[in-house]
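Here's the structure, in structure tokens; my notes come after.
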Amino acid sequence: MNKYNMSKTQHKEKEMYQNLNDFEKALRDFGIRVETICAMELAGKIDEELSYKMIKGELKELKKVRKDNK
């Protein structure tokens, strides 16, 4: 599919993400990173302790963005 032939769903998703504030963008990115970390742990690429530390660090960054946007 090219950019002129997007489905209605793809177009709505694109519109949905255009008006996000900084916290909403950080929250979206946090979810993607946590999902990736969990997948790496489940695949045996990293151990559970490392994944816990990585997610904890991601949460710390998210809280910082939230605090800055209040």
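The values are calculated or read from the model by the stated rules, or taken from the named source; none is laboratory data. Keep in mind it's a predicted model, so treat the numbers as computed, not measured. Heads up, the Cβs are rebuilt from the backbone with ideal geometry, glycines too, and the neighbour counts pull from every protein chain shown. For accessibility, only protein heavy atoms count, side chains too; no ligands or nucleic acids. Shrake-Rupley method; radii C 1.70, N 1.55, O 1.52, S 1.80 Å.
I'm trying to understand the selection: among the residues of segment 16-42, which are touching a helix residue (DSSP H, G or I) at 6+ places or on another chain (Cβ under 8 Å), open to solvent by 70 Å² or more (accessible area, probe 1.4 Å) and assigned to a loop (DSSP other than H, G, I, E, B)?
Passing the criteria: only TYR17.
In the list LYS56, LYS3, which residue meets the criterion of being open to solvent by 70 Å² or more (accessible area, probe 1.4 Å) and either modelled with pLDDT under 95 or in contact with a Cys (Cβ under 8 Å, 6 or more places away or on another chain) (or both)?
Answer to the check: LYS3.
Among the candidates LYS45, LYS64, single out the residue that is surrounded by 11 or more Cβ atoms within 10 Å (Cβ to Cβ), modelled with pLDDT of 95 or more, not in a helix (DSSP H, G or I) and not aromatic (Phe, Trp, Tyr).
LYS45
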